[in-house]
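Q: Please read through the structure below; I'll follow up with questions.
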Amino acid sequence: MTNVRQTALVVALVFVAAIAGVVLGRQALAPKHHAGSELHAVLHDQLSLDADQERRLHELEQSFAIRRRALEQEMRAENARLAAAIAAEHGNGPRVAAAVDASHRTMGTLQKETLAHIFAMRALLRPEQAARFDAAVTKALTEDAR
């Protein structure tokens, strides 16, 4: 095999390994269960919300769902930019680093907006409901994902 072919093979293998690492890392680090669904189950099934609380909660959920989808779409686009940067640089170059930083900014924005959503939902609750909700939030954030 010529040096050019060997180099091309190594570059292709590194690219595939990098993409596989990103995909596997996202799967390994992702929670096995969606804590948000547990919180919503507590809200809707265990807190005996009144009609006004239900209406206001529904409005919050609809608004946040739109924003969450937009941020998730942006993260998918950033993953595509990261893949293109890896393909172009074949290493941890400036484009790769910038793509990673952009992805982290969007993930941070999603986390902050998720917390704002949780606090907005909590603000709808009576004190006894809020205490149960707080316990569910604490459990969701500290329970070992299985």
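Q: Taking the Cα centre of segment 77-129 as origin and charging only Cβ (+1 Lys, Arg; -1 Asp, Glu), how large is the dipole, in debye to the nearest 20?
A: So the dipole magnitude of segment 77-129 works out to roughly 140 debye.
Q: Counting Lys +1, Arg +1, Asp -1, Glu -1, what net charge surrounds GLU74 among other residues with beta carbon under 13 Å of its beta carbon?
A: +3
FYI, it's all coordinate maths here, none of it is from the lab. Small disclaimer: the values here were computed from a predicted structure and weren't measured. FYI the Cβ positions are ideal-geometry reconstructions off the backbone, even for glycines, and counts take in every protein chain you see.
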